[in-house]
């Protein structure tokens, strides 16, 4: 298991393993008997049953067949795919290009009524201008994606921004002051992006907080994350994309957001920091 994976993923894998182990018990089979029926070494059964190894779809088919419960195959494979979907490496998510990854989250954005987003290094996607998005996704494509569909991916992200203006959702964004001066793109791109922040930050259903750079603060910057209502958190890490739904972990990120929000400035104070960053571009 990747060190980036969370207890949510581990717990979900354990639930699946428990279901497989119970099926074996209900069939009256010992681990060695199941292994023999599947043509495996007994240690493989033990690793799967104890959530030490994640089963493949073929493993689940063989397990169900050996237990005489092929009727449960589809349901268990669906559970396996749900577990796998909680942690996705970038190379897997972006293997066919960047557009699909942008489009995949649209249903989640459309059904969410309360967004909370914290970013420590880039302007959040919903607040990005076309030029800024193009620079961000081009950098991603050059670093790790063989397929060049940046133009389509930018268009998909721009389309997703309609959730800011349609419906009755509310939004709370927190950004670090340092990202206002991260030097991404040309001076024109940076200036346009900062001016755009001033505009969207003035909308009544959007809260935009800037966490000032200071020598002493109660909470250091953390990885960027999005909280969707009270149901789900998505975290972008160096190696992949993490989805959290376990209530305790969702609460942990909500608490972190609240702590960071207390250190941020809003309204005219936030605008002054953004304007100062724009003025420094010359």
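The values are calculated or read from the model by the stated rules, or taken from the named source; none is laboratory data. Since this is a predicted model, take the numbers as computed values, not measurements. For neighbour counting, all protein chains shown are included, and Cβ atoms are generated from backbone atoms with ideal geometry for every residue, glycine included.
Here are the criteria: (1) within 20 Å of the chain's Cα centre (by Cα); (2) in contact (Cβ under 8 Å) with a residue 40 or more places away in the chain; (3) farther than 26 Å from residue 202 by Cβ; (4) buried (at least 16 other Cβ atoms within 10 Å of the Cβ). Tell me which single one residue 169 does not satisfy.
The single condition residue 169 does not satisfy is (3).
Search region 100-112 for residues being surrounded by 17 or more Cβ atoms within 10 Å (Cβ to Cβ) and in contact with a helix residue (DSSP H, G or I) (Cβ under 6 Å, 6 or more places away or on another chain), and hand back the single one that is nearest to residue 219 (Cα to Cα).
109
Would you mind finding the one in 181, 160, 217 that is surrounded by fewer than 19 Cβ atoms within 10 Å (Cβ to Cβ), within 25 Å of residue 108 (Cα to Cα) and in contact with a helix residue (DSSP H, G or I) (Cβ under 7 Å, 6 or more places away or on another chain)? I'd like the intermediate steps shown before the answer.
On the way: 181 fails: within 25 Å of residue 108 (Cα to Cα); 217 fails: within 25 Å of residue 108 (Cα to Cα).
None of the other options fit; the residue is 160.
Do you know which of the residues in region 113-123 that are in contact with a strand residue (DSSP E or B) (Cβ under 6 Å, 6 or more places away or on another chain) and over 9 Å from residue 227 (Cβ atoms) is surrounded by the fewest Cβ atoms within 10 Å (Cβ to Cβ)?
Just the residues of region 113-123 that are in contact with a strand residue (DSSP E or B) (Cβ under 6 Å, 6 or more places away or on another chain), to begin with: 114-120.
Imposing the further condition that a residue be over 9 Å from residue 227 (Cβ atoms) reduces the set to 119-120.
On the way: 119: 20, 120: 17.
Across region 113-123, the extreme among qualifying residues is 120.
Of the numbered conditions (1) within 13 Å of residue 173 (Cα to Cα); (2) assigned to a loop (DSSP other than H, G, I, E, B), residue 282 fails exactly one; give the number of that condition.
Among (1) within 13 Å of residue 173 (Cα to Cα); (2) assigned to a loop (DSSP other than H, G, I, E, B), residue 282 violates only (1).
Tally time: how many residues in region 224-239 are touching a helix residue (DSSP H, G or I) at 6+ places or on another chain (Cβ under 9 Å), closer than 21 Å to residue 143 by Cα and modelled with pLDDT of 90 or more?
1
Of all the residues that make up region 114-128, how many are over 11 Å from residue 184 (Cβ atoms) and touching a residue at least 40 places away in the same chain (Cβ under 8 Å)?
10
Based on what the data block shows, is residue 46 surrounded by fewer than 19 Cβ atoms within 10 Å (Cβ to Cβ), touching a residue at least 60 places away in the same chain (Cβ under 8 Å) and part of a helix (DSSP H, G or I)?
When the stated conditions are applied, residue 46 does not pass them.
For residues that are assigned to a loop (DSSP other than H, G, I, E, B) and within 37 Å of the chain's Cα centre (by Cα), scanning just region 25-43, find the one that is surrounded by the fewest Cβ atoms within 10 Å (Cβ to Cβ).
Restricting to residues being assigned to a loop (DSSP other than H, G, I, E, B) and within 37 Å of the chain's Cα centre (by Cα), the top hit is 41.
With the requirement that a residue be surrounded by fewer than 17 Cβ atoms within 10 Å (Cβ to Cβ), outside any helix (DSSP H, G or I) and modelled with pLDDT of 90 or more, what does region 53-99 give you?
Those that are surrounded by fewer than 17 Cβ atoms within 10 Å (Cβ to Cβ), outside any helix (DSSP H, G or I) and modelled with pLDDT of 90 or more: 56, 68, 69, 96.
Tell me the helices (runs of 4 or more DSSP H) entirely within region 183-279 that contain at least 1 residues that are free of Cβ contacts under 8 Å to residues at least 24 places away in the same chain and either touching a strand residue (DSSP E or B) at 6+ places or on another chain (Cβ under 9 Å) or more than 21 Å from residue 135 (Cβ to Cβ) (or both). Reasoning before the result, please.
Working: elements: 187-200, 247-263, 267-279.
Of the helices (runs of 4 or more DSSP H) lying wholly inside region 183-279, those with at least 1 residues that are free of Cβ contacts under 8 Å to residues at least 24 places away in the same chain and either touching a strand residue (DSSP E or B) at 6+ places or on another chain (Cβ under 9 Å) or more than 21 Å from residue 135 (Cβ to Cβ) (or both) span 247-263, 267-279.
Within region 121-166, count every residue that is closer than 19 Å to residue 202 by Cβ and either part of a helix (DSSP H, G or I) or more than 19 Å from the chain's Cα centre (by Cα) (or both).
10
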